[in-house]
Amino acid sequence: MAKLRDFGHDVLTTLEAGKANQRIPDEEVLRFAVAEERMMLTLNRRHFMRLHRLHPEHFEIIVCTEDANFEALVIRIKQVLEGIGDNLEKQLIKIYRPNPSK
C-alpha cells in the first residue's frame, strides 16, 4: 500500500483500521467503507462484485486480479484512477492482470 501512498492516495488498510484477521463479513467491510466515505480496493473480486449488485449505494469498489508483481498492479490502479475523474460513487472498476500470452 505504500506505493499507492507514494502516488498521493489516502490509503487505510484493514490492519491499520484494526480489523485485520477478524473474519469480518464482506458486507460489514463495505458498510465500514461507506461510513468512512472510502473506496474499496480488493482482490476478493467475486464477493464484492456481488455486493456491488446488491448494495449499489457505495463509493467506488475496485476489484483486482491477484498479481505477484505488486508494483505493476499499483501502476494499473493509478492509471485507472487518473482516468475516472472525481465521481467515485456507485462505480465498480475491474483491474485485470495482463495476459502474458499476448
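When you look at E37, is it at pLDDT below 90, among the acidic types (D, E), out of contact with any Lys or Arg (no Cβ under 6 Å at 6 or more places or on another chain) and not in a loop (DSSP other than H, G, I, E, B), yes or no?
On the way: at pLDDT below 90: yes; among the acidic types (D, E): yes; out of contact with any Lys or Arg (no Cβ under 6 Å at 6 or more places or on another chain): yes; not in a loop (DSSP other than H, G, I, E, B): no.
It is false that E37 is at pLDDT below 90, among the acidic types (D, E), out of contact with any Lys or Arg (no Cβ under 6 Å at 6 or more places or on another chain) and not in a loop (DSSP other than H, G, I, E, B).
Against the conditions (1) surrounded by 15 or more Cβ atoms within 10 Å (Cβ to Cβ); (2) part of a loop (DSSP other than H, G, I, E, B), T14 satisfies every one except (1). Which members of the stretch 44-81 meet the condition of being under 11 Å from the mean Cα position of the chain (by Cα), over 16 Å from V34 (Cβ atoms) and of a type in the set (D, E, K, R)? Within the stretch 44-81, R45 is the sole residue that qualifies.
For every residue, the table says whether it meets (1) among the hydrophobic types (A, V, I, L, M, F, W, C); (2) loosely packed, with under 12 Cβ neighbours inside 10 Å; (3) assigned to a loop (DSSP other than H, G, I, E, B); (4) in contact with a Pro (Cβ under 6 Å, 6 or more places away or on another chain).
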| site | (1), (2), (3), (4) |
| --- | --- |
| H58 | no, no, yes, no |
| V63 | yes, no, no, no |
| D67 | no, no, yes, no |
| V74 | yes, no, no, no |
| V80 | yes, no, no, no |
| G83 | no, yes, no, no |
| K90 | no, no, yes, yes |
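For the stretch 20-29, the condition of being in a loop (DSSP other than H, G, I, E, B), modelled with pLDDT of 90 or more and among the charged types (D, E, K, R) holds for at least one residue. Checking the stated criteria, R45 turns out not to satisfy the condition of being modelled with pLDDT of 85 or more, out of contact with any strand residue (DSSP E or B) (no Cβ under 7 Å at 6 or more places or on another chain) and surrounded by 13 or more Cβ atoms within 10 Å (Cβ to Cβ).
The values are calculated or read from the model by the stated rules, or taken from the named source; none is laboratory data. Not measured: the values here are computed from a predicted model. Virtual Cβ from ideal backbone geometry, glycine too; neighbours counted across all protein chains shown.
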